[in-house]
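Chemist: Mind having a look at this structure? Questions to follow.
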Amino acid sequence: MSKKTPIRRAAGVALAIVALAAGFGAATSVQAGPVVDKIKERGLIRVGVGSQPGFFSPDASGKWQGFFIDFGRALAVTVFNDPDKVEFTNTSPQQRLPALQAGQFDVLLSGVTETIVRSFKLNFNFGPVVFYDGQGILVKKSLGVSKASDLDGATIGVQSGTTGELNIADFFKKANKTYKPLVIEDTNTFSQALLSGRIDALTQDSSDLGLRRAAFPNPDDYVLMPERLSKEPLAPAIQWGDDLWLQIVNWTVYATIQAEEWGITSQNIDSFLTSDDPAIKRFLGVDTSLGESIGLDPKFAYNIIKKVGNYGEIFERNLGKSTKIGFDRGLNRLWTQGGLLYSPPFR
């Protein structure tokens with residue numbers, strides 16, 4: 001048997017890579033999976049949400065509004081070019097994951113934390129993180145504590161069905177302190193337990209606690225401890241089994257982030273249609289080659305931004321400084337501004 005020279009070996013490897021790439025190209029031709037098939041047959045997207053003003057809540061007329069709601073509308077734009085072809089259903093933290101597993105929702109946009117167990121054991125795929133949060137502790141100011149570890153022996157309310165139960169246990173174990181957990185299932189009585197004096201503190205995502213504190217009759221009587229007990233990356237969650245649906249979720253979110261990075265808003269987007277930048281032309285569908293190659297409407301990103309807005313617009317409209325919520329963007333800034341938001345290339 002003849003020995004292959006280094007040049008012949010290199011040529012063989014190159015041919016193998018070309019063949020492999022060709023195989024991937026054939027395999028990734030866009031075809032609807034089971035979830036996308038059902039969505040198109042049904043004519044709308046079913047979205048599981050929570051109930052927290054700023055993130056998700058119906059207005060006086062019953063129309064859903066909020067940060068996560070807008071991402072649901074953006075998905076409807078990608079699939080149907082219509083932000084109203086989406087159905088929102090409120091689900092409790094205890095019900096949301098089983099409901100997704102049972103196929104009651106096409107996507108969860110209810111402030112779900114991405115974890116490895118949920119990915120591997122529960123068989124969920126996660127889209128890009130849309131809100132970076134962390135678990136905090138809200139306490140009565142009258143307790144006179146300045147840090148979470150001062151709550152040794154305190155009774156702390158935790159909401160069942162959330163990662164908060166495990167995080168608070170880990171925190172006190174690591175601090176070599178004790179606490180008395182009171183597991184509360186009903187989200188409507190979660191705040192009342194603290195207001196009534198039944199517990200000394202509440203633990204939950206810090207954004208959630210901030211919203212609850214703001215709604216208290218005397219918010220200045222309560223203080224959010226400075227510690228963050230965990231990382232809580234909140235992301236869209238879907239079932240395994242439909243890669244096309246996952247990519248639609250991914251690139252819908254990325255479109256809102258990329259548009260903000262380029263300074264493209266719902267108000268000025270039409271002025272970018274004459275841009276000479278090849279990347280922007282592909283992004284907005286002026287150059288139709290990108291959309292045609294992936295099997296989506298070449299103007300899907302344009303339509304999302306025009307009808308829903310970029311990430312910054314979505315954040316500021318629902319949660320920002322000009323709202324009653326008044327959140328600072330913090331880690332939810334673009335990577336170019338010291339935050340963690342970053343989109344892969346649209347090419």
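Yes or no, residue by residue, for (1) out of contact with any Lys or Arg (no Cβ under 9 Å at 6 or more places or on another chain); (2) loosely packed, with under 14 Cβ neighbours inside 10 Å:
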| residue | (1), (2) |
| --- | --- |
| SER119 | yes, no |
| PHE126 | no, no |
| ASP133 | no, no |
| SER142 | yes, yes |
| ALA175 | yes, no |
| LEU194 | no, no |
| ILE199 | no, no |
| GLN204 | no, no |
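Chemist: Let me ask something else about it. Given the criteria at pLDDT below 95 and crowded, with 18+ Cβ neighbours inside 10 Å, does LEU246 qualify?
Modeler: For LEU246, the condition - at pLDDT below 95 and crowded, with 18+ Cβ neighbours inside 10 Å - is not met.
Chemist: Do the conditions hold for THR162, that is, is it part of a loop (DSSP other than H, G, I, E, B), outside the structural domain of SER119 (by TED's automatic domain parsing) and under 25 Å from the mean Cα position of the chain (by Cα)?
Modeler: Criteria met by THR162.
Chemist: Read through the list (1) part of a helix (DSSP H, G or I); (2) in contact (Cβ under 8 Å) with a residue 12 or more places away in the chain; (3) out of contact with any Leu (no Cβ under 9 Å at 6 or more places or on another chain), then give the number of the only condition that THR323 fails.
Modeler: (1)
Chemist: If you don't mind, there's one more thing I want to ask. Of all residues in segment 147-160 being within 17 Å of LEU209 (Cα to Cα) and surrounded by fewer than 17 Cβ atoms within 10 Å (Cβ to Cβ), which is modelled with the highest pLDDT?
Modeler: THR155
Chemist: Hey, does segment 210-231 have a residue that's closer than 26 Å to ASP106 by Cβ and either within 17 Å of the chain's Cα centre (by Cα) or surrounded by fewer than 21 Cβ atoms within 10 Å (Cβ to Cβ) (or both)?
Modeler: Looking for residues that are closer than 26 Å to ASP106 by Cβ and either within 17 Å of the chain's Cα centre (by Cα) or surrounded by fewer than 21 Cβ atoms within 10 Å (Cβ to Cβ) (or both), one finds none in segment 210-231, hence no.
Chemist: Then there is this: For residues that are surrounded by fewer than 12 Cβ atoms within 10 Å (Cβ to Cβ), outside any loop (DSSP other than H, G, I, E, B) and among the polar types (S, T, N, Q), tally how many sit in segment 258-281.
Modeler: Total meeting the criteria: 2.
Chemist: Across segment 293-315, what is the total count of residues that are closer than 21 Å to ASP270 by Cα and free of Cβ contacts under 8 Å to residues at least 40 places away in the same chain?
Modeler: Number of matching residues: 3.
Chemist: With the requirement that a residue be closer than 14 Å to LYS141 by Cα and either assigned to a helix (DSSP H, G or I) or under 27 Å from the mean Cα position of the chain (by Cα) (or both), what does segment 188-200 give you?
Modeler: LEU194, LEU195
Chemist: Confirm whether SER92 is at pLDDT below 90, crowded, with 17+ Cβ neighbours inside 10 Å and either of a type outside the set (Gly, Ala, Ser) or touching a Ser or Thr at 6+ places or on another chain (Cβ under 8 Å) (or both).
Modeler: When the stated conditions are applied, SER92 passes them.
Chemist: I would also like to ask the following. Quick one: how many residues across segment 44-100 are of a type in the set (Lys, Arg) and under 18 Å from the mean Cα position of the chain (by Cα)?
Modeler: The total comes to 3.
Chemist: Consider LEU182 carefully, then state whether it is out of contact with any Asp or Glu (no Cβ under 9 Å at 6 or more places or on another chain), farther than 23 Å from LEU331 by Cβ and of a type in the set (A, V, I, L, M).
Modeler: For LEU182, the condition - out of contact with any Asp or Glu (no Cβ under 9 Å at 6 or more places or on another chain), farther than 23 Å from LEU331 by Cβ and of a type in the set (A, V, I, L, M) - is met.
Chemist: Counting only residues that are of a type in the set (S, T, N, Q) and farther than 28 Å from GLY164 by Cβ, how many does segment 54-98 have?
Modeler: Qualifying residue count, segment 54-98: 3.
Chemist: Now for a separate question. Any idea which of LEU109, LEU100, LEU75 is buried (at least 21 other Cβ atoms within 10 Å of the Cβ) and in contact with a Gly (Cβ under 6 Å, 6 or more places away or on another chain)?
Modeler: Among LEU109, LEU100, LEU75, only LEU109 is buried (at least 21 other Cβ atoms within 10 Å of the Cβ) and in contact with a Gly (Cβ under 6 Å, 6 or more places away or on another chain).
Chemist: Restricting to segment 330-347, name every residue that is among the polar types (S, T, N, Q), touching a residue at least 40 places away in the same chain (Cβ under 8 Å) and farther than 11 Å from VAL130 by Cα.
Modeler: THR336, SER343 - these are the residues of segment 330-347 that are among the polar types (S, T, N, Q), touching a residue at least 40 places away in the same chain (Cβ under 8 Å) and farther than 11 Å from VAL130 by Cα.
Chemist: Continuing with the same structure: Taking the stated definitions as given, is LEU284 crowded, with 21+ Cβ neighbours inside 10 Å and closer than 21 Å to ASP133 by Cβ?
Modeler: Answer is no for this residue.
Chemist: (1) touching a helix residue (DSSP H, G or I) at 6+ places or on another chain (Cβ under 8 Å); (2) part of a strand (DSSP E or B); (3) among the charged types (D, E, K, R): which one isn't true of ASP82, the others all being true?
Modeler: Single failed check for ASP82: (2).
The values are calculated or read from the model by the stated rules, or taken from the named source; none is laboratory data. Keep in mind that what you see is a predicted model, and the values were worked out from it rather than measured. No Cβ is skipped: glycine too gets one built from the backbone with ideal geometry, and neighbour counts run over all protein chains shown.
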